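**Q** Dumping the structure here so I can ask a few things about it.
The values are calculated or read from the model by the stated rules, or taken from the named source; none is laboratory data. Here the structure is a predicted model, which means the values were calculated and not measured. Cβ atoms come from the backbone with ideal geometry, glycine included; neighbour counts cover every protein chain shown.
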Amino acid sequence: MAKITKRYCEGRKSPYQLFWIEGGVRHSRFFETEEARDDFLRLNGHLDKRSFEALLGIDENTISDISYIESIRGNVSFRDMWEFWAKNHKSRRVLTLWDACDEYLRDMRKTEKAKPEHIRHVRRVLEVLVESFGDRLLQDISRKELENWLKSLKFAPVTVKNWRSNITAAWNWFEKNELIEKNIAKGLELPKIEMGEIGILTVEETERLFRANEKIDPEVCGLMALGLFAGMRTSAIPRVEYEEITMRQGILTPAEKTKKNRRNYIENLPDNLWAWLERTPKSAFGWCERKWKKRRESALRRAGLLVNGKQIKTPDENGKFPQKKIPPHNAFRHSFASYHVAWKRDFQDTALIMSHKGTDILFKHYRGVATKEDADRYFNIYPQKPLKMNK
(Lines give C-alpha, C1' and ligand atoms only; values in the text may rest on other atoms or scores of the structure.)
Protein backbone atom coordinates (compact mmCIF):
# COMPACT_ATOMS: atom_id res chain seq x y z
CA MET A 1 0.00 0.00 0.00
CA ALA A 2 1.33 3.41 -0.95
CA LYS A 3 1.86 5.94 1.80
CA ILE A 4 -1.16 8.26 2.12
CA THR A 5 -0.53 11.86 3.19
CA LYS A 6 -3.09 14.25 4.65
CA ARG A 7 -3.15 17.85 3.50
CA TYR A 8 -5.27 20.90 4.14
CA CYS A 9 -5.64 23.15 1.06
CA GLU A 10 -6.92 26.51 2.18
CA GLY A 11 -9.28 28.32 -0.19
CA ARG A 12 -10.79 25.20 -1.78
CA LYS A 13 -14.44 24.21 -1.46
CA SER A 14 -13.25 20.75 -0.42
CA PRO A 15 -10.01 21.54 1.42
CA TYR A 16 -9.25 18.20 3.11
CA GLN A 17 -6.99 16.19 0.82
CA LEU A 18 -5.50 12.73 0.74
CA PHE A 19 -2.42 12.45 -1.48
CA TRP A 20 -0.40 9.42 -2.57
CA ILE A 21 1.79 8.16 -5.43
CA GLU A 22 1.33 4.66 -6.72
CA GLY A 23 3.12 3.14 -9.71
CA GLY A 24 4.58 6.53 -10.56
CA VAL A 25 1.10 8.04 -10.93
CA ARG A 26 -0.12 10.87 -8.71
CA HIS A 27 -3.47 10.29 -6.96
CA SER A 28 -5.46 12.56 -4.71
CA ARG A 29 -8.94 12.91 -3.28
CA PHE A 30 -10.59 15.91 -1.64
CA PHE A 31 -13.29 16.02 1.06
CA GLU A 32 -15.45 18.85 2.33
CA THR A 33 -14.99 17.88 5.98
CA GLU A 34 -12.28 16.31 8.07
CA GLU A 35 -14.75 13.69 9.30
CA ALA A 36 -15.48 12.51 5.75
CA ARG A 37 -11.78 12.18 5.06
CA ASP A 38 -11.21 10.19 8.26
CA ASP A 39 -14.18 7.89 7.45
CA PHE A 40 -12.53 7.10 4.16
CA LEU A 41 -9.23 6.27 5.84
CA ARG A 42 -10.94 4.18 8.50
CA LEU A 43 -12.75 2.06 5.92
CA ASN A 44 -9.48 1.61 4.10
CA GLY A 45 -8.07 0.06 7.25
CA HIS A 46 -10.45 -2.90 6.85
CA LEU A 47 -9.21 -3.75 3.36
CA ASP A 48 -6.18 -5.21 1.69
CA LYS A 49 -4.24 -3.59 -1.16
CA ARG A 50 -6.29 -5.31 -3.86
CA SER A 51 -9.55 -3.91 -2.50
CA PHE A 52 -8.27 -0.37 -2.03
CA GLU A 53 -8.66 0.53 -5.70
CA ALA A 54 -12.32 -0.51 -5.57
CA LEU A 55 -12.84 1.66 -2.50
CA LEU A 56 -11.85 4.69 -4.58
CA GLY A 57 -14.98 4.11 -6.67
CA ILE A 58 -17.30 4.88 -3.74
CA ASP A 59 -18.69 8.39 -3.56
CA GLU A 60 -18.65 10.41 -0.34
CA ASN A 61 -22.30 9.76 0.55
CA THR A 62 -21.85 6.00 0.22
CA ILE A 63 -18.78 6.12 2.48
CA SER A 64 -20.86 7.89 5.09
CA ASP A 65 -23.66 5.31 4.77
CA ILE A 66 -21.24 2.38 5.10
CA SER A 67 -19.68 4.01 8.14
CA TYR A 68 -23.12 4.24 9.74
CA ILE A 69 -24.03 0.65 8.82
CA GLU A 70 -20.79 -0.58 10.35
CA SER A 71 -21.79 0.98 13.69
CA ILE A 72 -25.01 -1.08 13.78
CA ARG A 73 -23.98 -4.17 11.82
CA GLY A 74 -24.10 -6.62 14.75
CA ASN A 75 -22.83 -10.05 13.69
CA VAL A 76 -22.31 -9.11 10.03
CA SER A 77 -18.64 -8.38 9.39
CA PHE A 78 -17.50 -5.38 7.44
CA ARG A 79 -15.64 -7.65 5.02
CA ASP A 80 -18.89 -9.50 4.24
CA MET A 81 -20.56 -6.19 3.39
CA TRP A 82 -17.58 -5.10 1.32
CA GLU A 83 -17.37 -8.32 -0.67
CA PHE A 84 -21.08 -8.05 -1.48
CA TRP A 85 -20.64 -4.43 -2.64
CA ALA A 86 -17.49 -5.16 -4.68
CA LYS A 87 -19.15 -8.14 -6.36
CA ASN A 88 -22.10 -6.05 -7.52
CA HIS A 89 -20.24 -2.88 -8.53
CA LYS A 90 -17.71 -2.32 -11.27
CA SER A 91 -14.45 -1.04 -9.86
CA ARG A 92 -12.97 2.05 -11.52
CA ARG A 93 -10.38 4.67 -10.70
CA VAL A 94 -11.84 7.83 -9.27
CA LEU A 95 -9.90 11.02 -9.92
CA THR A 96 -10.42 14.69 -9.43
CA LEU A 97 -10.75 16.75 -12.58
CA TRP A 98 -7.26 18.14 -11.95
CA ASP A 99 -5.69 14.65 -11.93
CA ALA A 100 -7.76 13.45 -14.88
CA CYS A 101 -6.73 16.45 -17.00
CA ASP A 102 -3.10 15.90 -16.02
CA GLU A 103 -3.24 12.30 -17.26
CA TYR A 104 -5.01 13.39 -20.46
CA LEU A 105 -2.32 15.94 -21.30
CA ARG A 106 0.46 13.46 -20.52
CA ASP A 107 -1.13 10.99 -22.93
CA MET A 108 -1.45 13.68 -25.61
CA ARG A 109 2.28 14.43 -25.38
CA LYS A 110 3.03 10.74 -26.03
CA THR A 111 0.91 10.76 -29.19
CA GLU A 112 3.00 11.37 -32.29
CA LYS A 113 0.17 13.16 -34.15
CA ALA A 114 -0.40 15.73 -31.41
CA LYS A 115 1.11 19.09 -32.42
CA PRO A 116 2.77 21.16 -29.67
CA GLU A 117 0.65 24.23 -30.47
CA HIS A 118 -2.53 22.15 -30.19
CA ILE A 119 -1.45 20.72 -26.85
CA ARG A 120 -0.74 24.24 -25.57
CA HIS A 121 -4.21 25.36 -26.63
CA VAL A 122 -5.90 22.35 -24.98
CA ARG A 123 -3.89 22.93 -21.81
CA ARG A 124 -5.05 26.55 -21.67
CA VAL A 125 -8.71 25.47 -22.00
CA LEU A 126 -8.35 22.83 -19.27
CA GLU A 127 -6.50 25.24 -16.96
CA VAL A 128 -9.46 27.61 -17.07
CA LEU A 129 -11.87 24.70 -16.48
CA VAL A 130 -9.82 23.43 -13.53
CA GLU A 131 -10.02 26.86 -11.91
CA SER A 132 -13.75 26.19 -11.43
CA PHE A 133 -13.90 22.41 -10.92
CA GLY A 134 -10.35 21.24 -10.21
CA ASP A 135 -10.94 19.71 -6.79
CA ARG A 136 -14.23 18.04 -7.80
CA LEU A 137 -14.37 14.33 -8.55
CA LEU A 138 -14.63 13.86 -12.30
CA GLN A 139 -17.69 11.62 -12.03
CA ASP A 140 -19.56 14.22 -9.91
CA ILE A 141 -19.39 17.05 -12.48
CA SER A 142 -22.74 17.42 -14.23
CA ARG A 143 -23.64 18.28 -17.79
CA LYS A 144 -25.53 21.38 -16.64
CA GLU A 145 -22.46 22.66 -14.82
CA LEU A 146 -20.36 22.35 -17.98
CA GLU A 147 -23.01 24.15 -20.04
CA ASN A 148 -23.22 27.00 -17.52
CA TRP A 149 -19.44 27.25 -17.45
CA LEU A 150 -19.27 27.53 -21.24
CA LYS A 151 -22.00 30.19 -21.27
CA SER A 152 -20.08 32.21 -18.66
CA LEU A 153 -16.99 32.53 -20.88
CA LYS A 154 -16.49 36.09 -22.11
CA PHE A 155 -15.55 35.04 -25.63
CA ALA A 156 -17.12 35.26 -29.07
CA PRO A 157 -19.59 32.40 -29.78
CA VAL A 158 -17.22 30.83 -32.33
CA THR A 159 -14.44 30.70 -29.72
CA VAL A 160 -16.80 29.16 -27.16
CA LYS A 161 -17.72 26.51 -29.75
CA ASN A 162 -14.02 25.68 -30.21
CA TRP A 163 -13.57 25.42 -26.44
CA ARG A 164 -16.55 23.06 -26.29
CA SER A 165 -14.83 20.82 -28.87
CA ASN A 166 -11.77 20.58 -26.63
CA ILE A 167 -13.91 19.79 -23.58
CA THR A 168 -15.79 17.08 -25.50
CA ALA A 169 -12.51 15.54 -26.67
CA ALA A 170 -11.24 15.41 -23.08
CA TRP A 171 -14.42 13.72 -21.86
CA ASN A 172 -14.17 11.22 -24.76
CA TRP A 173 -10.73 10.30 -23.45
CA PHE A 174 -12.04 10.02 -19.88
CA GLU A 175 -14.78 7.64 -21.07
CA LYS A 176 -12.38 5.59 -23.20
CA ASN A 177 -10.06 5.16 -20.21
CA GLU A 178 -12.97 4.19 -17.92
CA LEU A 179 -12.71 7.21 -15.63
CA ILE A 180 -16.42 7.91 -16.19
CA GLU A 181 -19.38 5.77 -17.20
CA LYS A 182 -20.84 8.16 -19.79
CA ASN A 183 -19.57 11.16 -21.73
CA ILE A 184 -21.80 13.99 -20.51
CA ALA A 185 -19.99 16.55 -22.67
CA LYS A 186 -21.42 15.38 -26.01
CA GLY A 187 -23.56 18.04 -27.68
CA LEU A 188 -23.33 20.62 -24.91
CA GLU A 189 -25.75 23.50 -25.50
CA LEU A 190 -24.16 26.73 -26.71
CA PRO A 191 -25.29 30.27 -27.49
CA LYS A 192 -26.45 30.70 -31.09
CA ILE A 193 -23.59 31.62 -33.40
CA GLU A 194 -24.43 34.47 -35.73
CA MET A 195 -21.73 35.21 -38.28
CA GLY A 196 -21.37 38.88 -39.02
CA GLU A 197 -20.34 40.29 -42.37
CA ILE A 198 -16.74 39.54 -43.24
CA GLY A 199 -14.21 42.35 -43.59
CA ILE A 200 -11.84 42.70 -46.54
CA LEU A 201 -9.26 45.16 -47.78
CA THR A 202 -10.33 47.39 -50.65
CA VAL A 203 -8.35 47.31 -53.88
CA GLU A 204 -6.87 50.71 -52.98
CA GLU A 205 -5.84 49.52 -49.49
CA THR A 206 -4.26 46.36 -50.90
CA GLU A 207 -2.24 48.26 -53.49
CA ARG A 208 -1.17 50.84 -50.91
CA LEU A 209 0.03 48.02 -48.66
CA PHE A 210 2.34 46.65 -51.35
CA ARG A 211 3.54 50.00 -52.64
CA ALA A 212 4.52 51.12 -49.13
CA ASN A 213 6.66 48.00 -48.60
CA GLU A 214 7.90 46.58 -51.91
CA LYS A 215 11.16 48.55 -51.84
CA ILE A 216 11.64 48.61 -48.07
CA ASP A 217 10.72 45.00 -47.23
CA PRO A 218 10.37 42.68 -50.25
CA GLU A 219 10.46 39.65 -47.93
CA VAL A 220 7.19 40.48 -46.19
CA CYS A 221 5.55 41.40 -49.51
CA GLY A 222 6.00 37.83 -50.76
CA LEU A 223 4.51 36.36 -47.61
CA MET A 224 1.59 38.80 -47.65
CA ALA A 225 0.95 37.79 -51.27
CA LEU A 226 0.47 34.18 -50.11
CA GLY A 227 -2.46 35.38 -48.01
CA LEU A 228 -3.89 38.03 -50.33
CA PHE A 229 -3.43 36.23 -53.67
CA ALA A 230 -3.42 32.53 -52.64
CA GLY A 231 -5.83 32.62 -49.68
CA MET A 232 -3.42 30.91 -47.26
CA ARG A 233 -4.19 31.09 -43.55
CA THR A 234 -2.08 33.46 -41.47
CA SER A 235 -0.82 30.55 -39.32
CA ALA A 236 0.21 28.52 -42.40
CA ILE A 237 2.19 31.25 -44.19
CA PRO A 238 5.38 31.14 -42.04
CA ARG A 239 5.49 27.34 -42.36
CA VAL A 240 5.88 27.44 -46.15
CA GLU A 241 9.37 26.52 -47.33
CA TYR A 242 10.83 27.80 -50.57
CA GLU A 243 11.27 24.23 -51.90
CA GLU A 244 7.51 23.64 -51.55
CA ILE A 245 6.77 26.33 -54.15
CA THR A 246 6.92 25.43 -57.83
CA MET A 247 6.92 28.79 -59.58
CA ARG A 248 4.07 29.34 -62.04
CA GLN A 249 2.61 25.93 -61.12
CA GLY A 250 1.54 25.42 -57.52
CA ILE A 251 2.29 25.25 -53.79
CA LEU A 252 2.59 22.02 -51.81
CA THR A 253 1.66 21.95 -48.15
CA PRO A 254 2.67 18.70 -46.35
CA ALA A 255 0.09 17.10 -44.05
CA GLU A 256 1.94 18.03 -40.85
CA LYS A 257 1.68 21.73 -41.75
CA THR A 258 -2.05 21.88 -42.51
CA LYS A 259 -4.93 22.59 -40.16
CA LYS A 260 -6.63 19.29 -41.02
CA ASN A 261 -3.45 17.16 -41.17
CA ARG A 262 -3.91 16.39 -44.86
CA ARG A 263 -1.48 16.97 -47.69
CA ASN A 264 -2.63 19.81 -49.92
CA TYR A 265 -1.45 21.05 -53.31
CA ILE A 266 -2.98 24.28 -54.60
CA GLU A 267 -2.70 25.34 -58.22
CA ASN A 268 -4.47 27.51 -60.78
CA LEU A 269 -3.34 30.54 -58.79
CA PRO A 270 -3.38 34.12 -60.18
CA ASP A 271 -0.42 35.38 -62.19
CA ASN A 272 0.27 38.35 -59.91
CA LEU A 273 1.01 35.95 -57.02
CA TRP A 274 3.93 34.45 -58.95
CA ALA A 275 5.18 37.92 -59.84
CA TRP A 276 5.46 38.77 -56.13
CA LEU A 277 6.97 35.41 -55.17
CA GLU A 278 9.61 35.55 -57.92
CA ARG A 279 11.00 38.72 -56.37
CA THR A 280 10.85 37.39 -52.82
CA PRO A 281 14.22 36.43 -51.26
CA LYS A 282 14.58 32.84 -50.06
CA SER A 283 15.40 34.26 -46.64
CA ALA A 284 11.68 35.11 -46.22
CA PHE A 285 10.76 31.44 -45.96
CA GLY A 286 11.13 29.60 -42.67
CA TRP A 287 10.39 32.53 -40.36
CA CYS A 288 8.94 31.76 -36.96
CA GLU A 289 5.31 32.80 -36.50
CA ARG A 290 6.24 35.64 -34.15
CA LYS A 291 8.65 37.19 -36.66
CA TRP A 292 6.08 36.94 -39.45
CA LYS A 293 3.40 38.67 -37.38
CA LYS A 294 5.78 41.44 -36.31
CA ARG A 295 6.91 42.12 -39.88
CA ARG A 296 3.31 42.05 -41.13
CA GLU A 297 2.33 44.49 -38.40
CA SER A 298 5.13 46.85 -39.45
CA ALA A 299 4.04 46.59 -43.09
CA LEU A 300 0.44 47.45 -42.24
CA ARG A 301 1.54 50.35 -40.08
CA ARG A 302 3.79 51.65 -42.88
CA ALA A 303 0.76 51.72 -45.19
CA GLY A 304 -1.46 53.39 -42.59
CA LEU A 305 -3.66 50.30 -42.31
CA LEU A 306 -3.10 49.36 -38.67
CA VAL A 307 -5.75 51.32 -36.82
CA ASN A 308 -7.94 50.19 -33.92
CA GLY A 309 -11.18 51.95 -33.12
CA LYS A 310 -11.29 54.27 -36.14
CA GLN A 311 -14.72 55.88 -36.29
CA ILE A 312 -16.78 55.29 -39.42
CA LYS A 313 -18.19 58.52 -40.82
CA THR A 314 -21.45 56.97 -42.05
CA PRO A 315 -23.99 56.22 -39.27
CA ASP A 316 -25.68 52.84 -39.09
CA GLU A 317 -29.45 52.23 -39.14
CA ASN A 318 -29.67 53.31 -35.49
CA GLY A 319 -27.92 56.61 -36.15
CA LYS A 320 -24.75 55.54 -34.36
CA PHE A 321 -21.18 55.83 -35.64
CA PRO A 322 -19.65 52.36 -35.17
CA GLN A 323 -15.97 51.71 -34.56
CA LYS A 324 -14.05 50.02 -37.36
CA LYS A 325 -11.01 47.83 -36.91
CA ILE A 326 -8.41 48.09 -39.66
CA PRO A 327 -7.49 45.63 -40.95
CA PRO A 328 -10.55 43.43 -40.28
CA HIS A 329 -10.10 39.97 -38.76
CA ASN A 330 -8.59 37.49 -41.27
CA ALA A 331 -8.64 40.26 -43.89
CA PHE A 332 -6.02 38.64 -46.16
CA ARG A 333 -7.79 35.29 -46.58
CA HIS A 334 -11.25 36.88 -46.72
CA SER A 335 -10.09 39.36 -49.35
CA PHE A 336 -8.73 36.60 -51.57
CA ALA A 337 -11.93 34.53 -51.35
CA SER A 338 -14.22 37.51 -52.00
CA TYR A 339 -12.30 38.81 -55.01
CA HIS A 340 -11.60 35.34 -56.45
CA VAL A 341 -15.30 34.40 -56.37
CA ALA A 342 -16.16 37.63 -58.19
CA TRP A 343 -13.25 37.21 -60.62
CA LYS A 344 -13.59 33.55 -61.64
CA ARG A 345 -17.32 32.99 -61.03
CA ASP A 346 -16.31 29.39 -60.33
CA PHE A 347 -17.12 28.51 -56.73
CA GLN A 348 -15.62 25.03 -56.95
CA ASP A 349 -12.26 26.42 -58.11
CA THR A 350 -12.18 28.88 -55.21
CA ALA A 351 -13.21 26.14 -52.75
CA LEU A 352 -10.33 23.91 -53.90
CA ILE A 353 -7.79 26.68 -53.35
CA MET A 354 -9.31 27.53 -49.94
CA SER A 355 -9.39 23.82 -48.90
CA HIS A 356 -13.15 23.97 -48.28
CA LYS A 357 -15.18 20.75 -48.35
CA GLY A 358 -17.85 22.40 -50.48
CA THR A 359 -19.12 25.73 -51.76
CA ASP A 360 -21.71 26.50 -49.07
CA ILE A 361 -19.44 28.84 -47.11
CA LEU A 362 -18.51 30.74 -50.26
CA PHE A 363 -22.16 31.24 -51.20
CA LYS A 364 -23.08 32.29 -47.67
CA HIS A 365 -20.23 34.66 -46.82
CA TYR A 366 -18.26 35.68 -49.93
CA ARG A 367 -20.67 35.94 -52.85
CA GLY A 368 -21.48 39.55 -53.69
CA VAL A 369 -18.89 41.07 -51.35
CA ALA A 370 -16.74 42.28 -54.28
CA THR A 371 -17.55 43.24 -57.88
CA LYS A 372 -16.06 41.75 -61.03
CA GLU A 373 -14.53 45.13 -61.88
CA ASP A 374 -12.80 45.39 -58.49
CA ALA A 375 -11.63 41.77 -58.75
CA ASP A 376 -9.97 42.49 -62.11
CA ARG A 377 -8.10 45.40 -60.52
CA TYR A 378 -7.24 43.38 -57.39
CA PHE A 379 -5.55 40.55 -59.30
CA ASN A 380 -3.76 43.10 -61.44
CA ILE A 381 -1.65 44.40 -58.53
CA TYR A 382 1.91 43.64 -59.65
CA PRO A 383 5.33 44.75 -58.43
CA GLN A 384 6.27 48.08 -59.94
CA LYS A 385 9.86 47.07 -60.53
CA PRO A 386 11.28 43.52 -60.62
CA LEU A 387 14.18 42.74 -58.29
CA LYS A 388 17.09 40.36 -58.73
CA MET A 389 15.97 37.31 -56.81
CA ASN A 390 15.94 34.70 -55.11
CA LYS A 391 18.92 34.85 -52.84
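**Q** Can you tell me how many residues within the range 193-245 are acidic (D, E) and either surrounded by 15 or more Cβ atoms within 10 Å (Cβ to Cβ) or on the phi > 0 side of the Ramachandran plot (or both)?
**A** Taking the range 193-245 and keeping what is acidic (D, E), we get 194, 197, 204-205, 207, 214, 217, 219, 241, 243-244.
In the following step, the residues that additionally are either surrounded by 15 or more Cβ atoms within 10 Å (Cβ to Cβ) or on the phi > 0 side of the Ramachandran plot (or both) were identified as 205, 207, 214, 217, 219, 244.
Qualifying residue count, the range 193-245: 6.
**Q** Among what's in the range 109-133 and is surrounded by fewer than 17 Cβ atoms within 10 Å (Cβ to Cβ) and in contact with a Phe, Trp or Tyr (Cβ under 9 Å, 6 or more places away or on another chain), pick the residue that is nearest to R239 (Cα to Cα).
**A** Ranking the candidates gives V128 first.
**Q** Scan the helices (runs of 4 or more DSSP H) fully inside the range 246-346 and keep the ones with 1 or more residues being out of contact with any helix residue (DSSP H, G or I) (no Cβ under 9 Å at 6 or more places or on another chain), among the basic types (K, R) and at pLDDT 85 or above.
**A** Working: elements: 271-278, 289-302, 331-344.
The helices (runs of 4 or more DSSP H) meeting that bar are 289-302.
**Q** Can I ask one more? If you check E117 against the conditions, is it at positive phi and of a type outside the set (F, W, Y)?
**A** Judged against the criteria, E117 is not a match.
**Q** Could you figure out which of (1) of a type in the set (V, I, T); (2) under 21 Å from the mean Cα position of the chain (by Cα); (3) modelled with pLDDT under 90 isn't true of I198?
**A** In the conditions (1) of a type in the set (V, I, T); (2) under 21 Å from the mean Cα position of the chain (by Cα); (3) modelled with pLDDT under 90, I198 misses (2) alone.
**Q** Also, quick follow-up: Going residue by residue through the range 225-233, is there one that turns out to be touching a residue at least 60 places away in the same chain (Cβ under 8 Å), outside any helix (DSSP H, G or I) and over 21 Å from D376 (Cβ atoms)?
**A** Yes; the residues of the range 225-233 include at least one that is touching a residue at least 60 places away in the same chain (Cβ under 8 Å), outside any helix (DSSP H, G or I) and over 21 Å from D376 (Cβ atoms).
**Q** So, of the residues in the range 351-367 that are farther than 12 Å from S335 by Cα and outside any helix (DSSP H, G or I), which turns out to be farthest from the chain's Cα centre (by Cα)?
**A** The selected residue is T359.
**Q** One residue is enough: does the range 178-191 have a residue meeting the conditions surrounded by fewer than 15 Cβ atoms within 10 Å (Cβ to Cβ) and closer than 21 Å to M108 by Cβ?
**A** Yes.
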